[in-house]
Amino acid sequence: MSDREQMQYDFVIVGAGPSGLACALRLKQLRAEASICVLEKGSTVGAHSISGAVLEPGPLEALLPNWRTTYSGMAVPAQQDEFCFLTASKSLRLPLPPTMRNHGNVIVSLSQLTAWLAQQAEGLGIDIFPGFAAAAPLYGADGAVTGVQIGDMGLTKDGGEGPNFTPGVEILAGTTILAEGCRGSISKQLIRQFKLDAGKSAPTFGLGFKELWQLPPGRAQAGLIRHTAGWPLDRKTYGGSFLYHLDQDRVYVGYVVGLDYEDPRLQPFEAFQQFKHHPSVKPLLEGGEILAAGARTIAAGGSTSLGFQGTWSTSDAAPTAFTVNGSSCTT
(Lines give C-alpha, C1' and ligand atoms only; values in the text may rest on other atoms or scores of the structure.)
Protein backbone atom coordinates (compact mmCIF):
# COMPACT_ATOMS: atom_id res chain seq x y z
CA MET A 1 0.00 0.00 0.00
CA SER A 2 1.37 3.39 -1.01
CA ASP A 3 1.85 6.07 1.66
CA ARG A 4 1.06 8.81 -0.87
CA GLU A 5 -2.26 10.60 -0.93
CA GLN A 6 -4.63 8.96 -3.39
CA MET A 7 -7.58 10.19 -5.44
CA GLN A 8 -9.99 7.79 -7.15
CA TYR A 9 -11.74 8.40 -10.47
CA ASP A 10 -13.43 6.32 -13.11
CA PHE A 11 -11.31 7.97 -15.82
CA VAL A 12 -8.07 9.93 -15.71
CA ILE A 13 -6.93 11.76 -18.85
CA VAL A 14 -3.35 12.94 -19.15
CA GLY A 15 -3.22 16.11 -21.24
CA ALA A 16 -5.69 18.98 -21.58
CA GLY A 17 -5.18 19.62 -25.26
CA PRO A 18 -8.03 19.48 -27.80
CA SER A 19 -8.14 15.67 -27.84
CA GLY A 20 -7.94 15.21 -24.08
CA LEU A 21 -10.69 17.71 -23.40
CA ALA A 22 -12.87 16.43 -26.24
CA CYS A 23 -12.43 12.92 -24.87
CA ALA A 24 -13.45 14.04 -21.38
CA LEU A 25 -16.52 15.84 -22.72
CA ARG A 26 -17.64 12.87 -24.78
CA LEU A 27 -17.16 10.45 -21.89
CA LYS A 28 -19.29 12.67 -19.67
CA GLN A 29 -21.98 12.85 -22.36
CA LEU A 30 -22.02 9.07 -22.59
CA ARG A 31 -21.71 8.39 -18.85
CA ALA A 32 -23.04 11.32 -16.88
CA GLU A 33 -22.41 9.54 -13.58
CA ALA A 34 -18.72 8.87 -14.31
CA SER A 35 -16.03 10.69 -12.32
CA ILE A 36 -13.41 12.15 -14.67
CA CYS A 37 -10.26 14.19 -14.14
CA VAL A 38 -7.90 15.76 -16.64
CA LEU A 39 -4.26 16.51 -15.78
CA GLU A 40 -2.40 19.34 -17.53
CA LYS A 41 1.30 20.03 -17.04
CA GLY A 42 0.95 23.65 -18.20
CA SER A 43 0.30 26.32 -15.60
CA THR A 44 -3.03 26.99 -17.30
CA VAL A 45 -5.06 25.09 -19.86
CA GLY A 46 -3.84 26.30 -23.24
CA ALA A 47 -0.42 27.41 -22.02
CA HIS A 48 1.27 24.76 -24.19
CA SER A 49 -1.13 24.99 -27.14
CA ILE A 50 0.96 27.46 -29.07
CA SER A 51 -0.01 26.64 -32.61
CA GLY A 52 -2.53 28.54 -34.66
CA ALA A 53 -4.66 25.99 -36.49
CA VAL A 54 -7.15 25.58 -39.29
CA LEU A 55 -10.08 23.79 -37.68
CA GLU A 56 -12.52 21.52 -39.47
CA PRO A 57 -15.62 22.39 -37.44
CA GLY A 58 -17.65 19.23 -38.12
CA PRO A 59 -16.31 17.12 -35.22
CA LEU A 60 -16.61 20.06 -32.81
CA GLU A 61 -20.19 20.66 -33.90
CA ALA A 62 -20.97 16.98 -33.32
CA LEU A 63 -19.49 17.23 -29.81
CA LEU A 64 -20.90 20.64 -28.89
CA PRO A 65 -23.65 21.61 -31.37
CA ASN A 66 -24.00 25.16 -30.02
CA TRP A 67 -20.30 25.99 -30.02
CA ARG A 68 -20.60 28.78 -32.61
CA THR A 69 -23.00 30.75 -30.44
CA THR A 70 -21.08 30.27 -27.17
CA TYR A 71 -17.43 30.26 -28.27
CA SER A 72 -15.82 33.63 -27.58
CA GLY A 73 -12.36 32.96 -29.03
CA MET A 74 -10.98 33.82 -32.45
CA ALA A 75 -12.62 31.97 -35.35
CA VAL A 76 -11.79 33.45 -38.76
CA PRO A 77 -13.57 31.72 -41.68
CA ALA A 78 -11.23 30.36 -44.35
CA GLN A 79 -11.67 32.38 -47.53
CA GLN A 80 -8.85 31.49 -49.92
CA ASP A 81 -6.17 28.77 -50.22
CA GLU A 82 -2.80 29.06 -51.90
CA PHE A 83 -0.02 26.50 -52.32
CA CYS A 84 3.34 27.65 -53.68
CA PHE A 85 6.77 26.25 -54.43
CA LEU A 86 9.58 28.61 -53.50
CA THR A 87 12.90 29.06 -55.22
CA ALA A 88 15.51 31.44 -53.82
CA SER A 89 13.90 34.35 -55.67
CA LYS A 90 10.47 33.26 -56.92
CA SER A 91 7.15 31.88 -55.71
CA LEU A 92 5.43 29.49 -58.12
CA ARG A 93 1.71 28.73 -57.65
CA LEU A 94 0.88 25.02 -57.61
CA PRO A 95 -2.44 23.17 -57.87
CA LEU A 96 -4.12 22.69 -54.51
CA PRO A 97 -3.97 19.13 -53.12
CA PRO A 98 -7.36 17.95 -51.78
CA THR A 99 -6.02 18.06 -48.20
CA MET A 100 -5.33 21.79 -48.52
CA ARG A 101 -8.85 22.82 -49.49
CA ASN A 102 -10.23 24.61 -46.45
CA HIS A 103 -13.64 25.84 -47.60
CA GLY A 104 -15.92 25.77 -44.55
CA ASN A 105 -13.04 25.61 -42.06
CA VAL A 106 -12.03 28.30 -39.58
CA ILE A 107 -8.68 29.61 -38.34
CA VAL A 108 -8.51 29.42 -34.56
CA SER A 109 -6.13 29.91 -31.67
CA LEU A 110 -5.61 26.53 -29.98
CA SER A 111 -4.83 28.19 -26.65
CA GLN A 112 -8.18 29.98 -26.75
CA LEU A 113 -10.02 26.88 -27.96
CA THR A 114 -8.63 24.61 -25.25
CA ALA A 115 -9.34 27.17 -22.52
CA TRP A 116 -12.95 27.33 -23.72
CA LEU A 117 -13.24 23.53 -23.92
CA ALA A 118 -11.98 23.34 -20.34
CA GLN A 119 -14.76 25.69 -19.24
CA GLN A 120 -17.34 23.46 -20.94
CA ALA A 121 -15.86 20.39 -19.27
CA GLU A 122 -15.84 21.95 -15.81
CA GLY A 123 -19.43 22.99 -16.33
CA LEU A 124 -20.30 19.29 -16.65
CA GLY A 125 -18.53 18.40 -13.42
CA ILE A 126 -15.19 17.25 -14.86
CA ASP A 127 -12.19 17.99 -12.65
CA ILE A 128 -9.30 19.71 -14.46
CA PHE A 129 -5.96 20.14 -12.72
CA PRO A 130 -3.54 22.51 -14.52
CA GLY A 131 -0.01 22.72 -13.22
CA PHE A 132 0.14 19.02 -12.32
CA ALA A 133 2.28 16.84 -14.58
CA ALA A 134 1.92 13.07 -14.58
CA ALA A 135 5.33 11.61 -13.78
CA ALA A 136 4.84 7.84 -13.93
CA PRO A 137 2.18 5.22 -14.61
CA LEU A 138 0.87 3.10 -11.76
CA TYR A 139 0.45 -0.67 -12.02
CA GLY A 140 -1.70 -3.15 -10.16
CA ALA A 141 -0.68 -6.57 -8.89
CA ASP A 142 -1.63 -8.09 -12.26
CA GLY A 143 0.55 -5.60 -14.16
CA ALA A 144 -2.38 -3.59 -15.55
CA VAL A 145 -2.27 0.20 -15.49
CA THR A 146 -4.25 1.61 -12.56
CA GLY A 147 -3.59 5.34 -12.97
CA VAL A 148 -0.72 7.82 -12.80
CA GLN A 149 1.43 9.47 -10.17
CA ILE A 150 1.79 13.25 -10.10
CA GLY A 151 5.37 14.53 -10.00
CA ASP A 152 6.91 15.35 -6.62
CA MET A 153 7.29 19.03 -5.77
CA GLY A 154 9.94 20.82 -3.71
CA LEU A 155 12.90 18.77 -4.92
CA THR A 156 16.46 20.07 -4.70
CA LYS A 157 18.77 20.39 -7.72
CA ASP A 158 20.21 16.94 -7.08
CA GLY A 159 16.77 15.36 -6.84
CA GLY A 160 16.62 15.16 -3.06
CA GLU A 161 13.81 16.30 -0.80
CA GLY A 162 13.96 20.03 -0.08
CA PRO A 163 12.36 21.85 2.89
CA ASN A 164 9.12 22.32 0.93
CA PHE A 165 9.01 18.77 -0.45
CA THR A 166 5.53 17.52 -1.27
CA PRO A 167 5.08 13.97 -2.61
CA GLY A 168 3.02 13.69 -5.76
CA VAL A 169 -0.54 12.43 -5.42
CA GLU A 170 -1.55 9.11 -6.97
CA ILE A 171 -4.53 9.38 -9.30
CA LEU A 172 -6.20 5.96 -9.44
CA ALA A 173 -8.69 5.18 -12.19
CA GLY A 174 -10.40 2.28 -13.88
CA THR A 175 -9.31 3.66 -17.23
CA THR A 176 -6.25 5.79 -17.98
CA ILE A 177 -6.26 7.75 -21.25
CA LEU A 178 -3.11 9.40 -22.58
CA ALA A 179 -3.65 12.56 -24.62
CA GLU A 180 -0.09 13.82 -24.28
CA GLY A 181 0.55 14.71 -27.90
CA CYS A 182 3.89 14.17 -29.58
CA ARG A 183 6.43 12.05 -27.66
CA GLY A 184 4.50 12.01 -24.40
CA SER A 185 6.54 10.93 -21.38
CA ILE A 186 3.96 8.50 -19.97
CA SER A 187 3.27 7.11 -23.44
CA LYS A 188 6.98 6.40 -23.91
CA GLN A 189 7.12 4.56 -20.58
CA LEU A 190 4.13 2.39 -21.45
CA ILE A 191 5.41 1.71 -24.96
CA ARG A 192 8.63 0.38 -23.42
CA GLN A 193 6.83 -1.50 -20.65
CA PHE A 194 4.40 -3.35 -22.93
CA LYS A 195 6.57 -3.33 -26.10
CA LEU A 196 3.75 -1.59 -27.98
CA ASP A 197 6.10 -0.58 -30.79
CA ALA A 198 6.97 -4.17 -31.70
CA GLY A 199 6.22 -4.71 -35.38
CA LYS A 200 4.94 -1.14 -35.85
CA SER A 201 6.11 1.51 -38.29
CA ALA A 202 8.55 3.84 -36.57
CA PRO A 203 7.10 7.32 -36.03
CA THR A 204 8.86 10.33 -37.48
CA PHE A 205 8.75 13.88 -36.23
CA GLY A 206 9.13 17.47 -37.31
CA LEU A 207 10.07 20.67 -35.52
CA GLY A 208 7.58 23.47 -35.96
CA PHE A 209 8.05 27.19 -35.32
CA LYS A 210 5.19 29.64 -35.05
CA GLU A 211 4.95 33.37 -34.59
CA LEU A 212 1.94 35.63 -34.25
CA TRP A 213 2.56 38.94 -36.06
CA GLN A 214 0.79 42.27 -35.84
CA LEU A 215 0.99 43.83 -39.31
CA PRO A 216 0.57 47.44 -40.42
CA PRO A 217 -3.07 48.42 -41.10
CA GLY A 218 -4.64 47.01 -44.26
CA ARG A 219 -1.96 44.44 -45.01
CA ALA A 220 -3.56 41.16 -43.86
CA GLN A 221 -6.24 39.41 -45.92
CA ALA A 222 -8.47 37.79 -43.29
CA GLY A 223 -9.10 34.15 -44.15
CA LEU A 224 -6.20 33.69 -46.58
CA ILE A 225 -4.36 30.39 -45.99
CA ARG A 226 -1.02 29.99 -47.76
CA HIS A 227 1.31 27.00 -47.65
CA THR A 228 4.71 26.65 -49.30
CA ALA A 229 7.31 23.98 -49.99
CA GLY A 230 10.82 24.25 -51.40
CA TRP A 231 13.44 26.89 -50.57
CA PRO A 232 15.33 27.21 -48.28
CA LEU A 233 15.23 23.42 -47.79
CA ASP A 234 16.89 21.05 -50.25
CA ARG A 235 14.98 18.38 -52.13
CA LYS A 236 15.87 15.66 -49.64
CA THR A 237 14.43 17.50 -46.64
CA TYR A 238 10.76 17.44 -45.67
CA GLY A 239 9.32 20.78 -44.62
CA GLY A 240 7.41 23.89 -45.54
CA SER A 241 5.59 26.93 -44.25
CA PHE A 242 2.14 28.24 -43.43
CA LEU A 243 0.71 31.74 -43.34
CA TYR A 244 -2.74 32.08 -41.76
CA HIS A 245 -4.21 35.56 -42.16
CA LEU A 246 -6.40 36.58 -39.23
CA ASP A 247 -8.61 39.53 -38.42
CA GLN A 248 -7.29 42.82 -36.97
CA ASP A 249 -4.28 42.70 -39.36
CA ARG A 250 -2.68 39.73 -37.62
CA VAL A 251 -1.08 36.67 -39.20
CA TYR A 252 0.27 33.34 -37.99
CA VAL A 253 3.66 32.63 -39.56
CA GLY A 254 4.92 29.07 -39.22
CA TYR A 255 7.61 26.76 -40.50
CA VAL A 256 8.11 22.99 -40.13
CA VAL A 257 11.30 20.98 -40.73
CA GLY A 258 11.32 17.19 -40.66
CA LEU A 259 13.74 15.93 -38.01
CA ASP A 260 15.02 13.18 -40.31
CA TYR A 261 17.01 15.70 -42.37
CA GLU A 262 20.36 14.44 -43.65
CA ASP A 263 22.37 17.66 -43.89
CA PRO A 264 24.25 18.09 -40.58
CA ARG A 265 24.71 21.78 -41.34
CA LEU A 266 20.98 22.47 -41.49
CA GLN A 267 19.71 24.64 -38.65
CA PRO A 268 15.88 24.58 -38.65
CA PHE A 269 15.50 27.96 -36.90
CA GLU A 270 17.86 29.59 -39.39
CA ALA A 271 15.79 28.10 -42.24
CA PHE A 272 12.73 29.75 -40.69
CA GLN A 273 14.51 33.10 -40.63
CA GLN A 274 15.55 32.68 -44.27
CA PHE A 275 11.97 31.91 -45.24
CA LYS A 276 10.75 35.17 -43.68
CA HIS A 277 13.18 37.08 -45.90
CA HIS A 278 11.95 35.49 -49.13
CA PRO A 279 10.78 38.12 -51.67
CA SER A 280 7.21 36.81 -51.42
CA VAL A 281 7.12 36.97 -47.61
CA LYS A 282 9.29 39.90 -46.52
CA PRO A 283 6.97 42.63 -47.90
CA LEU A 284 4.10 41.14 -45.88
CA LEU A 285 6.00 41.20 -42.57
CA GLU A 286 8.07 44.36 -43.01
CA GLY A 287 7.08 46.97 -40.44
CA GLY A 288 5.20 44.44 -38.32
CA GLU A 289 6.01 43.10 -34.87
CA ILE A 290 6.00 39.68 -33.25
CA LEU A 291 3.36 39.37 -30.52
CA ALA A 292 4.06 35.77 -29.52
CA ALA A 293 6.36 32.97 -30.59
CA GLY A 294 7.08 29.34 -29.79
CA ALA A 295 8.23 25.99 -31.12
CA ARG A 296 7.31 22.35 -30.61
CA THR A 297 7.81 18.93 -32.09
CA ILE A 298 4.99 17.48 -34.16
CA ALA A 299 4.12 14.04 -35.47
CA ALA A 300 5.14 13.96 -39.13
CA GLY A 301 5.03 10.29 -40.07
CA GLY A 302 1.70 10.28 -41.84
CA SER A 303 -0.92 7.56 -41.51
CA THR A 304 1.65 4.77 -41.27
CA SER A 305 2.87 6.17 -37.95
CA LEU A 306 -0.49 6.83 -36.34
CA GLY A 307 -1.58 3.24 -35.76
CA PHE A 308 -3.16 2.31 -32.44
CA GLN A 309 -0.41 1.15 -30.09
CA GLY A 310 -2.29 0.00 -27.04
CA THR A 311 -4.49 -2.85 -25.88
CA TRP A 312 -7.52 -2.88 -23.68
CA SER A 313 -9.63 -5.36 -21.77
CA THR A 314 -13.38 -5.53 -21.48
CA SER A 315 -13.06 -7.16 -18.08
CA ASP A 316 -14.36 -4.98 -15.25
CA ALA A 317 -11.56 -6.32 -13.08
CA ALA A 318 -8.79 -5.20 -15.41
CA PRO A 319 -8.02 -1.45 -15.36
CA THR A 320 -7.09 -0.22 -18.79
CA ALA A 321 -4.84 2.29 -20.51
CA PHE A 322 -5.26 3.71 -23.96
CA THR A 323 -2.52 5.38 -25.97
CA VAL A 324 -1.89 6.23 -29.58
CA ASN A 325 1.68 7.17 -30.42
CA GLY A 326 1.47 9.98 -32.92
CA SER A 327 -0.49 13.18 -33.09
CA SER A 328 -2.12 15.40 -30.51
CA CYS A 329 -5.33 13.47 -31.18
CA THR A 330 -4.14 10.81 -28.75
CA THR A 331 -7.17 9.15 -27.21
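The values are calculated or read from the model by the stated rules, or taken from the named source; none is laboratory data. In this text the structure is predicted, and so the values were computed from the model without any measurement. Counting neighbours? That spans all protein chains shown, and the Cβs are built from the backbone with ideal geometry, glycine included.
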Original post:
Say we look at the range 251-266 and pick out the residues that are surrounded by 13 or more Cβ atoms within 10 Å (Cβ to Cβ) and part of a loop (DSSP other than H, G, I, E, B); which of these is nearest to the chain's Cα centre (by Cα)?
Top reply: LEU259
**OP:** Please tell me if ALA141 is surrounded by 14 or more Cβ atoms within 10 Å (Cβ to Cβ), over 14 Å from VAL38 (Cα atoms) and either free of Cβ contacts under 8 Å to residues at least 40 places away in the same chain or within 27 Å of the chain's Cα centre (by Cα) (or both).
**Re:** no
**OP:** Would you be able to tell me the number of residues in the range 171-229 that are closer than 30 Å to GLU289 by Cβ, in contact with a Gly (Cβ under 9 Å, 6 or more places away or on another chain) and at pLDDT 90 or above?
**Re:** 15
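The rows are residues; the columns are (1) more than 21 Å from ALA88 (Cα to Cα); (2) buried (at least 19 other Cβ atoms within 10 Å of the Cβ); (3) more than 24 Å from the chain's Cα centre (by Cα).
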site	(1), (2), (3)
GLY218	yes, no, yes
ALA229	no, no, no
LEU243	no, yes, no
ASP249	yes, no, yes
GLU286	no, no, yes
Original post:
Which of the following residues is modelled with pLDDT of 95 or more, within 15 Å of the chain's Cα centre (by Cα) and surrounded by 13 or more Cβ atoms within 10 Å (Cβ to Cβ): CYS84, CYS23, CYS37?
Top reply: CYS23
Original post:
Has the range 47-65 got any residue that is over 19 Å from the mean Cα position of the chain (by Cα) and within 16 Å of GLN119 (Cβ to Cβ)?
Top reply: yes
**OP:** Could you list all residues from the range 248-262 that are at pLDDT 95 or above and either of a type in the set (Asp, Glu) or touching an Asp or Glu at 6+ places or on another chain (Cβ under 8 Å) (or both)?
**Re:** ASP249, TYR252, VAL253, GLY254
Original post:
Hey, any hits in the range 58-66 for a residue that's out of contact with any His (no Cβ under 6 Å at 6 or more places or on another chain) and within 24 Å of ARG250 (Cα to Cα)?
Top reply: no
Original post:
Within the group PRO98, PRO130, which residue is surrounded by 14 or more Cβ atoms within 10 Å (Cβ to Cβ) and either without any contact (Cβ under 8 Å) to a residue 24 or more places away in the chain or on the phi < 0 side of the Ramachandran plot (or both)?
Top reply: PRO130
Original post:
Looking at (1) at pLDDT below 95; (2) under 18 Å from SER91 (Cβ atoms), which is the only condition GLN273 fails?
Top reply: (1)
